[in-house]
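Shown next, in structure tokens, is the structure this report addresses.
The numbers here are math on the coordinates, done by the rules we state, and not lab data. Since the structure is predicted, the reported quantities are computational estimates derived from the model, not experimental observations. Please note: Cβ atoms are built from the backbone with ideal geometry, for glycine as well, and neighbour counts cover all protein chains shown.
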Amino acid sequence: MRAVVFDTFGGPEVMYVADRPVPEPAPGEVLVRVAAAGVNPIDWIAREGVLGTYFGTPPYVLGWDVSGVVHALGDGVTEFRVGDEVFGMPRFPVAGGGYAEFAAIPAAELAIKPVSIDHAHAAGVPLVGLTVLQSFDIADLRPGQRVLIHAAAGGVGSTAVQIAKARGAYVVGTASEANHAYLRELGADEVIDYTAVAFEDAIGGMDLVLDVRGADYAMRSLRTLKPGGLLFSLVSGVTPDVAAAASAAGVRTGGTAVRPDGAGMRALALRIDGGDLRTHLDHLLPLEQVVEAHTIGKSGHVRGKIVLAVSL
Ligand SMILES: NC(=O)c1ccc[n+]([C@@H]2O[C@H](COP(=O)([O-])OP(=O)(O)OC[C@H]3O[C@@H](n4cnc5c(N)ncnc54)[C@H](OP(=O)(O)O)[C@@H]3O)[C@@H](O)[C@H]2O)c1
């Protein structure tokens, strides 16, 4: 099968397409013929070796967002049949294997793909979708609460805006002006142009801030929270100085790392087919253009998602 591999940590050029054996599904696993694979910032963080061998030791196959067709079943799998269209986020945080024609995936981490979207769009959902569901569950986001979503036009942000709206929240997002109409279409109540104003001067009284930026955004976001509000960081934003400042200001801090979840995937499929959640594809590129996909992604201004076409 064709697979994107890399032998050493490094820049995007270390990735190349190679011929590799089709994996065997272990008991409890499903062999998926991958139609499309989503691209996420964690892919280049892993490939660069920023966190050492935390995600695996090269060579291995990247890719935690998969949409495809069940090709074979491992022993004991009863919940899927050959030919089912499925999507999921395999194995995170160890190597997912999605950038390949076939991936062996634990059945418990998959769900039937939403019927209302194609594989390319479905491949843009799992990692960001599970991240947002799990974050809002931990943060206990409730109807009527005010939530500030940073990088609202990105993969996590676009999903967070829609799910926060569907949960009845008042949603404010940060984005450059070119993305404001897009965010209003997704349901954002207010949009702040972070290039023109300091967001902490433009908004206040928030119950929750979803921070995917970290660095100065974490400290600055504290000022936007009302007493008892929560800064929820998806990056390493809650440093000791931020935690101390939060405590002094009477606000809370938290965060999470996404985990695979078949039930969460089923919940996302329901939201998509119910019309609550859609994916904007900024770029759909062939697997062979994975270097370009990472280069575009790392530039930091993708609207929605980048997806690799594997066997579309
Ligand atoms: N903890 C977890 O489990 C978890 C899960 C998923 C993701 N993450 C992390 O979350 C981060 C975001 O992921 P993602 O997939 O959403 O990234 P992404 O799609 O690459 O984000 C791109 C977006 O960032 C916006 N942006 C860039 N600079 C900005 C700024 N200074 N202020 C506000 N918006 C800005 C851009 O909007 P403009 O073009 O308008 O600037 C663009 O739409 C990554 O670091 C990722 O690793 C963590």
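Structure summary
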| quantity | calculated |
| --- | --- |
| Filter result for the condition that a residue is closer than 22 Å to residue 147 by Cβ, in contact with an Asp or Glu (Cβ under 9 Å, 6 or more places away or on another chain) and crowded, with 21+ Cβ neighbours inside 10 Å, over 287, 234 | 234 |
| Pick from the range 111-137, criterion within 15 Å of residue 267 (Cβ to Cβ) and touching a strand residue (DSSP E or B) at 6+ places or on another chain (Cβ under 7 Å), ranking: nearest to the ligand (Cβ to nearest atom) | 127 |
| Considering residues of the range 209-244 that are among the hydroxyl-bearing types (Ser, Thr, Tyr) and not in a loop (DSSP other than H, G, I, E, B) only, the residue farthest from residue 136 (Cα to Cα) | 217 |
| The range 245-263, subset among the hydroxyl-bearing types (Ser, Thr, Tyr) and not in a loop (DSSP other than H, G, I, E, B), residue nearest to the chain's Cα centre (by Cα) | 253 |
| Residue 50 being part of a loop (DSSP other than H, G, I, E, B) and under 20 Å from the mean Cα position of the chain (by Cα) | yes |
| Test: residue in the range 238-255 that is within 17 Å of residue 135 (Cα to Cα), within 16 Å of the ligand (Cβ to nearest atom), in contact with a His (Cβ under 7 Å, 6 or more places away or on another chain) and in contact (Cβ under 8 Å) with a residue 12 or more places away in the chain | no |
| Positions within the range 189-233 being touching a residue at least 12 places away in the same chain (Cβ under 8 Å), among the charged types (D, E, K, R) and closer than 18 Å to residue 175 by Cβ, in sequence order | 189, 190, 193, 200, 211, 213, 220 |
| Residue match in the range 127-136 (condition: under 18 Å from the mean Cα position of the chain (by Cα), assigned to a loop (DSSP other than H, G, I, E, B) and under 21 Å from residue 221 (Cβ atoms)) | no |
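Residues checked against (1) touching a strand residue (DSSP E or B) at 6+ places or on another chain (Cβ under 6 Å); (2) away from the ligand (no atom under 15 Å from the Cβ); (3) closer than 30 Å to residue 115 by Cβ:
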residue: 198; (1), (2), (3): no, no, no
residue: 203; (1), (2), (3): yes, no, no
residue: 211; (1), (2), (3): yes, no, no
residue: 217; (1), (2), (3): yes, no, no
residue: 263; (1), (2), (3): no, yes, yes
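Residues are listed down the side, and each one gets a yes or a no for (1) crowded, with 24+ Cβ neighbours inside 10 Å; (2) over 18 Å from the mean Cα position of the chain (by Cα):
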position	(1), (2)
60	no, yes
70	no, yes
78	no, yes
98	yes, no
103	yes, yes
